[in-house]
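Any read-out appearing in this document is the output of simple, stated calculations on the displayed coordinates, not a laboratory observation. It should be emphasised that the depicted structure is a prediction, and the values quoted were computed from it without experimental measurement. Ideal geometry is used to build each Cβ from the backbone, glycine not excepted, and the neighbour counts take in all protein chains shown.
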């Protein structure tokens, strides 16, 4: 029923990422995307997610409304990369460039503006090469098999090899691994690299 390892929980969390929604609204979104589930199945699943502390259930008559529990919200790779990038620089243009560079190295493809937005990075100007043609089409096709929806005219970018950004990318990935496995106590503290502000 759910292809390419897309789980029902992932879809629901994606729908509730920025807003709360009723059972009917979630059911409609699932149907619109081609998942033909009975409304009672969706209701039961939402109740189970609330019972497990993943969702918060609110009674707003005449229906129940669900939202993600803020403290238990599962962070995704975009949230984490965005957080780490913001820890290294306050300059929006540099944040965008470093986030694109980090994600493109991780995913081996151009990075879409929509993905940058998922990192919660807003930049008026993006200091990266815009990618089109076959390379953009292949990346968009790949993302179409996930819960990430890329608007038709959404630009895709790559950042050329850069020694400074490569060091920062390695630092970001190290921090992500250390945090995921909760092994901070095994790390000998050393000087943190920061991004040149000029």
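Each 10 Å bin from 0 upward holds the following percent of the Cα-Cα pairs of the stretch 77-181: 15, 51, 30, 4. Normalising the average separation of contacting C-alpha pairs (under 8 angstrom, six or more residues apart) by the number of residues puts the relative contact order of the stretch 8-68 at 40 percent. How many nm is it between the label spots at residue 154 and residue 141, if each spot is 7 Å from the Cα in line with the beta carbon? Simple spin-label model gives 1.8 nm for this pair. Against the main long axis of the alpha-carbon atoms of the chain, helix 39-51 sits at an angle near 60°. By the beta-carbon count within 10 Å of each Cβ, the least crowded to most crowded order of 63, 22, fewest first, is 63, 22. If a/c stays under 1.5 just call it rounded; otherwise compare a/b with b/c (prolate if a/b is bigger, oblate if not). Do that for the stretch 8-68, with a ≥ b ≥ c from the square roots of the Cα gyration tensor eigenvalues. Taking the square roots of the gyration eigenvalues as a ≥ b ≥ c, the stretch 8-68 is rounded. So if I take the centroid of the Cα atoms in the stretch 24-79 and the same for the stretch 140-166, what is the distance between those two points in Å? Here the answer is 28 Å between Cα centres. When you restrict to C-alpha pairs under 8 Å that are six or more residues apart and normalise by the size of the chain, the relative contact order lands at 19 percent. The calculated FRET efficiency for the pair residue 64 and residue 19, based on their C-beta separation and a Förster distance of 22 Å, comes to about 0.90.
In the chain, how does Rg compare with the Kirkwood Rh, expressed as the Rg/Rh ratio over alpha carbon atoms? So for the chain, dividing Rg by the Kirkwood Rh gives 1.02.
When you count the other C-beta atoms within 10 angstrom of each residue and take the mean per peptide, 76-84, 180-188, 29-37 line up highest first as 76-84, 29-37, 180-188.
The helix-based estimate of mean residue ellipticity at 222 nm for the chain, built from -39,500 (n - 2.57) per DSSP H run of four or more residues and divided by its residue count, is -14500 deg cm²/dmol to the nearest 500.
The angle separating the long axis of helix 77-88 from the principal Cα axis of greatest extent in the chain is about 40 degrees. The calculated FRET efficiency for residue 32 paired with residue 173, based on their beta-carbon distance and R0 = 22 Å, is about 0.05.
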